[in-house]
Amino acid sequence: MKSLTKGKMWLFAIGQGGYAILSGLIGSWLVYFYQPTQELVAQGQSALIPQGKVIFGVLTILGLIAAAGRIFDAVTDPLIASWSDKCKSKNGRRIPFLKAAALPLAVVTVLVFSAPFSAGSAANGIWVFAMVALYYFLITAYCTPFTALYAELGKTAEERMFLSTAMSLTFIVGTAFAYVAPALWDIFIGMGMGRFSAIRLAMTLLAGIATLAMFCPVFFIKETDYVEAKPVESTAMQSLAATFKNKDFRIFVGSDIFYWIGLTMFQTGLPFFVTTLMKLDEGWNTILFVGMTALSLVFYVPINFVTGKVGKKKMVLFAFIMFTVTFAFTSITGTLALPPVVQGVLVVVLGSLPMAIFGILPQAMVADVAEYEAAETGENRQGMFFAARTFCFKLGQSLAMLLFTSLSTIGGSGVTTESGVRIVAVASAILCLVGGIVLIAFNEKKILAKITK
């Protein structure tokens with residue numbers, strides 16, 4: 001079997017940048033688009049779906065839609081992973097899934113923001129529910145085989161670290177593209193377009209870029225040249241159960257769930273932190289988000305160097321502490337005797353380093369555990385290890401969306417409030433702290449000793 005050249009590794013990693021654009025559009029702008037603040041309503045952005053806490057007096061329609069989509073997404077992860085692990089295509093176990101899912105995923109992402117009925121219509125809620133569920137199924141069909149292929153292409157710890165770093169870089173760049181969306185729709189609004197039409201056009205252009213990126217691994221990586229893996233014969237549930245027998249994997253996943261609940265709540269709240277807490281114009285979303293992305297790139301080489309000295313676990317624990325501080329600081333922005341722009345820059349500076357660490361190291365840790373398990377059992381279940389991880393953190397993200405849409409509306413009649421988003425930032429900080437505490441029990445030394453041998 002061949003080994004990937006550095007150039008091929010980058011072409012593979014570009015695929016992650018593609019779906020990062022799409023996940024960034026959903027993660028950053030879904031709530032902002034369908035649950036507008038009082039200020040946005042005053043500016044003429046009507047609420048397309050029913051607003052308010054209409055379910056048990058606690059949950060919003062949008063919160064339920066987002067959470068249900070994530071739960072559906074989590075449930076399909078093991079199923080897609082099993083299909084991929086068992087695939088007997090002549091083109092490999094992973095690439096056929098990437099090829100089939102890329103274009104439909106981009107199209108459905110745009111359709112999520114294209115509810116066609118009149119403002120406030122329950123039919124719009126049904127539309128968004130259906131499109132969000134389909135979006136999550138398709139992104140699972142792309143991401144789960146993609147991450148499994150990453151574990152198989154990296155034949156040594158060094159290759160996996162390089163691939164993980166490249167994938168993290170392209171993911172961050174893709175996410176930055178998603179953050180550019182407000183700047184794009186502001187340009188279109190300035191050209192005379194209506195706000196909804198401008199937003200949808202911006203989403204369409206970014207989805208087109210994402211499609212091209214997602215096809216890079218399909219057309220430039222011939223899987224069978226680099227991977228020779230025997231298809232798994234066990235069922236999805238058998239494979240999933242065997243995966244969770246690994247104690248260290250369970251510890252990692254437990255920590256990961258707390259991280260993703262906190263991070264998802266914080267990321268969903270970012271546009272509100274900028275406009276509602278810091279009182280900055282909407283255009284500052286793009287400036288600050290892209291600034292955080294650009295600054296995080298500065299840390300990539302130092303992170304790889306220091307990780308080689310101290311290990312992945314210690315670096316991720318440090319990142320947990322840094323995110324806890326960042327989220328706690330964000331909760332008090334707007335109350336400090338500092339210019340709003342300075343407060344925004346401080347959030348960027350504090351958050352950029354842990355953002356880079358979490359972008360590189362966790363998936364490399366999962367790949368290490370998967371290789372350890374393969375050495376122990378003889379089964380190549382890389383797809384199921386990554387699917388099991390995403391199964392759990394997506395359940396966490398489902399809870400995060402329920403929490404965000406409920407907490408952020410505290411003190412308001414179904415609309416996002418200043419006190420609500422402050423509570424969201426505090427909750428995010430607490431959750432990250434708990435995630436770091438759980439990770440302390442992860443036995444990295446045992447895993448590395450086995451796979452090195």
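The values are calculated or read from the model by the stated rules, or taken from the named source; none is laboratory data. Computed from a predicted model, the values in this text were never measured in an experiment. As a convention, Cβ positions derive from the backbone with ideal geometry for all residues, glycine included, and neighbour counts pool all protein chains shown. Note: areas computed on protein heavy atoms with side chains; ligands, DNA, RNA excluded. Shrake-Rupley method; radii C 1.70, N 1.55, O 1.52, S 1.80 Å.
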Of the residues in the range 284-331, those that are under 25 Å from Leu439 (Cα atoms), of a type in the set (Val, Ile, Thr) and touching a residue at least 12 places away in the same chain (Cβ under 8 Å) come to Ile303, Thr307, Val316, Ile321, Thr324, Val325, Thr326, Thr330
Flagged pairs (Cβ under 8 angstrom, 6 or more apart or on separate chains; first in the range 335-358, closer than 14 Å to Phe318 by Cβ and hydrophobic (A, V, I, L, M, F, W, C); second outside any helix (DSSP H, G or I) and open to solvent by 40 Å² or more (accessible area, probe 1.4 Å)) are Leu353/Phe299; Ala356/Phe299; Ile357/Phe299
Tally up the residues in the range 64-89 that are out of contact with any helix residue (DSSP H, G or I) (no Cβ under 7 Å at 6 or more places or on another chain) and charged (D, E, K, R), please. 2
Residue count for the range 250-286, restricted to those that are touching a helix residue (DSSP H, G or I) at 6+ places or on another chain (Cβ under 8 Å), farther than 19 Å from Ser428 by Cα and surrounded by fewer than 23 Cβ atoms within 10 Å (Cβ to Cβ): 8
Given the structure, is Ala198 touching a residue at least 40 places away in the same chain (Cβ under 8 Å), open to solvent by less than 30 Å² (accessible area, probe 1.4 Å) and either in contact with a helix residue (DSSP H, G or I) (Cβ under 8 Å, 6 or more places away or on another chain) or among the aliphatic types (A, V, I, L, M) (or both)? no
Could you list, in sequence order, all residues of the range 373-383 that are modelled with pLDDT of 75 or more and either closer than 24 Å to Ile430 by Cα or buried (at least 24 other Cβ atoms within 10 Å of the Cβ) (or both)? Glu373
Take the residues of the range 292-335 that are within 22 Å of Tyr179 (Cβ to Cβ) and not in a helix (DSSP H, G or I): which is least open to solvent (accessible area, probe 1.4 Å)? Thr333
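Listed here are the residues, each with its yes/no results for (1) in a helix (DSSP H, G or I); (2) open to solvent by less than 20 Å² (accessible area, probe 1.4 Å); (3) at pLDDT below 80.
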position	(1), (2), (3)
Lys394	yes, yes, yes
Gln397	yes, yes, yes
Leu402	yes, no, yes
Thr409	no, yes, yes
Ala425	yes, yes, no
Leu431	yes, no, no
Gly435	yes, yes, no
Phe442	no, yes, no
Lys445	yes, no, no
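Listed here are the residues, each with its yes/no results for (1) hydroxyl-bearing (Ser, Thr, Tyr); (2) touching a residue at least 60 places away in the same chain (Cβ under 8 Å).
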| position | (1), (2) |
| --- | --- |
| Pro145 | no, yes |
| Gly154 | no, yes |
| Arg160 | no, yes |
| Ser164 | yes, yes |
| Ala176 | no, yes |
| Met203 | no, yes |
| Glu228 | no, yes |
| Gln238 | no, no |
